[in-house]
Amino acid sequence: MQKSFKFDKLNFLTAGMPLSTGKGSYSRAFEILEDMDLDGMELEFVHGVRMSDDTRELVNKTIKEKKLILTAHAPFYVNLNARESEKVDASVIRIFETAVAARDTGAFSITFHAAYYLGQDKEFVYNQVKAQIAKIIELMEKENFKVWIRPETTGKSTQWGDLDEIIKLSKEFEGLVLPCVDFSHLHARSAGEYNTKDEFSYILDNIGKKLGRYALDNFHGHLAGIEYTAKGERQHLNLKDSDMNYIDLLKVMKEFDVKGALVCESPNIEEDAKLLKETYFAL
């Protein structure tokens with residue numbers, strides 16, 4: 001596994017360029033992050049991995065100079081359990097292209113929403129996802145590079161990706177796959193659970209015991225306010241407009257000495273990222 005990243009703390013990132021970047025470039029976005037004392041961003045390849053070689057080089061150079069942290073999110077059009085084989089193959093390529101972009105820009109980790117159950121047996125879907133993850137890793141090994149591959153915990157029960165499934169998959173690809181823990185998704189998926197100090201402790205303790213301390217030292221997570229129904233996630237909200245118990249979560253992350261990246265996905269991304277960082281260091 002890539003060892004060039006050694007985190008000494010928890011870093012607070014925005015999900016994409018800060019909103020105040022407007023129509024500006026990555027250079028302007030990184031200036032804003034630096035001015036706000038934020039630690040980096042998640043590259044959002046929502047509709048496809050479209051980034052020129054020059055931009056990749058610029059991003060890589062800038063984050064090294066400014067000592068910023070990058071992660072990357074694969075396109076949303078991914079389903080490793082699609083009924084059509086061509087859609088599965090396209091999903092594999094989109095995730096692989098995200099990994100290549102992460103390598104080129106200096107991002108340490110990529111994440112994605114892996115699959116839908118489509119009414120199928122959970123074990124069958126798990127094995128489908130596992131087989132496709134193996135293909136992605138094989139493609140990366142052919143080009144002789146490694147970044148962390150992170151299936152994200154998902155916000156609806158129709159989506160593959162509860163905490164246990166992703167921990168199990170990570171154990172099978174030790175050193176290559178780890179969870180991306182979206183705390184807001186876990187809260188929404190369970191229609192209101194995973195929102196107390198004990199429940200946050202359970203999440204991190206489970207990861208540490210089953211995957212090892214390195215999983216907490218190389219963490220990649222998401223957090224936002226969230227609106228949900230009995231069926232799960234509905235939409236992201238700003239933290240103070242939601243019931244997300246972010247203060248107790250930050251307390252638990254500090255108690256567990258989590259290091260790595262926490263990406264803010266609130267609609268007001270940089271404001272809530274700043275709120276999270278200031279709250280964390282004030283605890």
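The values are calculated or read from the model by the stated rules, or taken from the named source; none is laboratory data. In this text, all values refer to a predicted model and were calculated from it rather than measured experimentally. In this analysis, Cβ positions are derived from the backbone assuming ideal geometry, glycine residues included, and neighbour counts consider all displayed protein chains. Note: accessible area is taken over every heavy atom of the protein model, side chains too, but ligands, DNA and RNA are not part of it. Shrake-Rupley method; radii C 1.70, N 1.55, O 1.52, S 1.80 Å.
If you take the Cα atoms of the range 91-211, find Rg, then find the Kirkwood Rh from the mean of 1/r over all pairs, what is Rg/Rh? For the range 91-211, the value is 0.97.
Apply the a/c threshold of 1.5 to the C-alpha gyration tensor of the range 43-115 and tell me whether it is rounded, prolate or oblate.
prolate
Amide H contacts for G260 (H built 1.01 Å from N in the peptide plane; partners 5 or more residues away or on another chain; cut-off under 5 Å): K9, L10, N11, F219. If the reach is capped at under 18 angstrom between alpha carbons, list the lysines near K64, excluding any in the same chain fewer than eight residues apart. Straight-distance partners of K64: K3, K6, K9. Computed about the Cα centre, the dipole magnitude for the range 157-222 is approximately 120 debye when only Lys and Arg (+1) and Asp and Glu (-1) carry charge, each at its Cβ.
Charging the Cβ of each Asp and Glu at -1 and of each Lys and Arg at +1, and nothing else, the dipole of the chain about its Cα centre rounds to 480 debye.
Determine the relative contact order of the range 1-126: mean sequence separation of Cα pairs under 8 Å and six or more apart, normalised by residue count, in whole percent.
23 percent
In the range 1-124, carbon and sulfur make up what percent of the accessible area (probe 1.4 Å)? Roughly 50 percent of what the probe reaches on the range 1-124 is carbon or sulfur.
Annotation: amide H of M244 within the under-5 Å range of I226, sequence separation 5 or more or interchain, hydrogens built in the peptide plane. When GluC sites (Glu not before Pro) are flagged only if DSSP places them in a loop and at most 16 other Cβ atoms lie within 10 Å, the longest unflagged stretch of the chain comes out as 194-283.
For the chain, report the % of Cα-Cα distances exceeding 34 Å. Tail of the P(r) past 34 Å holds 13 percent of the pairs. Near the amide H of E233, within less than 5 Å, lie the amide hydrogens of K156, R189, all on another chain or at least 5 residues away, with H placed in the peptide plane. The residue among Y77, V88, A101 whose Cα reaches farthest toward the positive pole of the charge dipole of the range 1-135, with charges on the beta-carbon of Lys, Arg, Asp and Glu, is V88.
Taking the DSSP beta bridges with both ends in the range 105-258, the antiparallel portion is around 50 percent. When the Cα positions of L204, I247, S190 are compared along the charge dipole of the chain, L204 comes out farthest toward the positive end, with charges on each C-beta of Lys, Arg, Asp and Glu. Taking a ≥ b ≥ c as the square roots of the eigenvalues of the Cα gyration tensor, the range 153-278 is classed as oblate, since a/c reaches at least 1.5 and a/b does not exceed b/c. In summary, the helical segments of the chain meeting the span-like criteria, namely a full DSSP H run, a Cα extent along the axis of 15 angstrom or more and a mean Kyte-Doolittle hydropathy of at least -1.0, are 85-105, 122-142, 197-211, 269-282.
Compared with the direct C-alpha span, the chain from K240 to K130 gains 35.9 nm at full extension, assuming 0.36 nm per residue.
A Cβ-based charge dipole, computed about the Cα centre of the range 130-177 with Lys and Arg at +1 and Asp and Glu at -1, lands at about 80 debye.
The 3J(HN,Hα) values that the Karplus relation (6.51, -1.76, 1.60; θ = phi - 60°) gives for the range 45-51 are, in residue order, 8, 4, 9, x, 8, 10, 8 Hz. Gly and Pro appear as x.
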